[in-house]
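S.K.: Before anything else, here's the structure in question.
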Amino acid sequence: MKLLIDDANIEKIKAIYRLYPVDGVTTNPSILAKTGRNPYAVLCEIREFIGDGAQLHAQVISRTAGQMVEEARKMAGILGQNLFIKVPSVPEGFRAMRELSREGFNVTATVVYTPMQAFLAAKSGADYVAPYVNRIDNLGADGVRTTKAIQDMLAKNGLKTEILAASFKNSQQIQALCEYGVGAATAAPDIIENLVKNASVDSAVEAFIADFEGLCGRGRNMLDCDLPSSIVIRDSIPSIPDEQ
Ligand code: E4P
């Protein structure tokens, strides 16, 4: 399962990239609005940081298919390769998806609350469909179950479209979909961090460090603990690259 960052704050994106194996960044108009900055300035900054090899998802705003396509053409000219045009899964959106797909754009069908939206988006040529897991939960339905049903439905209908699950509130929702093998998930930085936040793990690591320091001295590690003179270094030690 690919894992993407659902945010436009460059500092948060950099912090997640430094530690976690992520595959790109997704945004939506509300996420961009939170930055209070020009959307192209923000998206270009993200693109420059993540590079052309990573996925960047950005959404069109218009209500008509023709205008959505025009927006997408401009966005692609500015935001480079590996851009996924997010198109709302509404009737005008399906029409736009068909045209964008025909023109060779990567398309992410977004605002997916139901399997039938996903089905029509997939038939319209979308590369990804993005079910909003937590928002579906908030409607009293089951976002994980809906997403699994979409995955099964796409497979049974021979549709190549993958799932980019979105709108997460907790780790459990992501884990359930990871276990089910959905193609991708996008989550806010704090949700990604919470995937592995665990006080038991932290205290186990601290105990290891304390035991080692008890053995070799405070602040010591395998790099700078004493080396008995009888020990011969076998190989040259590879240099450690500087942190970015
Ligand atoms: C992604 O495509 C969506 O824009 C996003 O995940 C929605 O998340 P939210 O429900 O937390 O706003």
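The values are calculated or read from the model by the stated rules, or taken from the named source; none is laboratory data. Note that this is a predicted model, so its numbers are computed, not measured. For neighbour counting, all protein chains shown are included, and Cβ atoms are generated from backbone atoms with ideal geometry for every residue, glycine included. Heads up: the accessible areas ignore ligands, DNA and RNA and are worked out on the full protein's heavy atoms, side chains in. Shrake-Rupley method; radii C 1.70, N 1.55, O 1.52, S 1.80 Å.
S.K.: Pairs under 9 Å by beta carbon, first residue within 24 Å of I209 (Cα to Cα) in region 219-234, partner of a type in the set (K, R), six or more apart or different chains?
M.R.: Close Cβ pairs (under 9 Å, with a partner that is of a type in the set (K, R)) amount to D226/R220.
S.K.: Sticking with this one: I need the full set of residues from region 170-198 which are within 15 Å of the ligand (Cβ to nearest atom), crowded, with 17+ Cβ neighbours inside 10 Å and not polar (S, T, N, Q), in order please.
M.R.: I174, L177, V182, G183, A184, A185, A187, A188, P189, I191, I192, listed by residue number.
S.K.: Sticking with this structure for a sec: For region 59-99, give me the residue count where each residue is of a type in the set (S, T, Y) and within 16 Å of the ligand (Cβ to nearest atom).
M.R.: The number of residues fulfilling the criteria is 1.
S.K.: Looking at region 76-99, is at least one residue touching a residue at least 24 places away in the same chain (Cβ under 8 Å), of a type in the set (S, T, Y) and open to solvent by 10 Å² or more (accessible area, probe 1.4 Å)?
M.R.: The answer is no, given that none of the residues of region 76-99 is touching a residue at least 24 places away in the same chain (Cβ under 8 Å), of a type in the set (S, T, Y) and open to solvent by 10 Å² or more (accessible area, probe 1.4 Å).
S.K.: Could you check region 100-130 and list, in sequence order, the residues that are touching a strand residue (DSSP E or B) at 6+ places or on another chain (Cβ under 9 Å), more than 13 Å from the ligand (Cβ to nearest atom) and on the phi > 0 side of the Ramachandran plot?
M.R.: The one that is touching a strand residue (DSSP E or B) at 6+ places or on another chain (Cβ under 9 Å), more than 13 Å from the ligand (Cβ to nearest atom) and on the phi > 0 side of the Ramachandran plot: G125.
S.K.: Would a scan of region 133-146 turn up a residue that is farther than 27 Å from L32 by Cα, in contact with a helix residue (DSSP H, G or I) (Cβ under 8 Å, 6 or more places away or on another chain), of a type in the set (D, E) and at pLDDT 95 or above?
M.R.: yes
S.K.: Considering region 100-126 alone, what residues qualify as being closer than 25 Å to P39 by Cα and open to solvent by less than 10 Å² (accessible area, probe 1.4 Å)?
M.R.: Scanning region 100-126 gives L100, V107, T108, A109, T110, V112, A126.
S.K.: If Q151 satisfies all but one of (1) more than 16 Å from the ligand (Cβ to nearest atom); (2) surrounded by fewer than 19 Cβ atoms within 10 Å (Cβ to Cβ), what's the number of the condition it fails?
M.R.: The failed condition is (2).
S.K.: Since K86 meets every condition but one in (1) more than 25 Å from A41 (Cβ to Cβ); (2) touching a Ser or Thr at 6+ places or on another chain (Cβ under 6 Å); (3) charged (D, E, K, R), which condition does it not meet?
M.R.: Single failed check for K86: (1).
S.K.: Looking at region 185-201, I want the residues that are under 24 Å from A109 (Cβ atoms) and have a partner that is open to solvent by less than 70 Å² (accessible area, probe 1.4 Å) and of a type in the set (S, T, Y) with Cβ atoms under 8 Å, at least 6 apart or on another chain. Which pairs are those?
M.R.: Taking only residues 6 or more apart or on different chains, the pairs are T186/T26; I191/S171; I192/Y20.
S.K.: Filter region 174-188 down to the residues that are within 16 Å of T26 (Cβ to Cβ) and polar (S, T, N, Q) and list them by number.
M.R.: As a first pass, look at region 174-188 and keep what is within 16 Å of T26 (Cβ to Cβ): 174, 177, 182-188.
Within region 174-188, just T186 meets the criteria.
S.K.: A further question on this structure: Looking only at residues in region 131-145 that are surrounded by fewer than 20 Cβ atoms within 10 Å (Cβ to Cβ) and within 17 Å of A184 (Cα to Cα), which one is farthest from the ligand (Cβ to nearest atom)?
M.R.: Among those that are surrounded by fewer than 20 Cβ atoms within 10 Å (Cβ to Cβ) and within 17 Å of A184 (Cα to Cα), it is R145.
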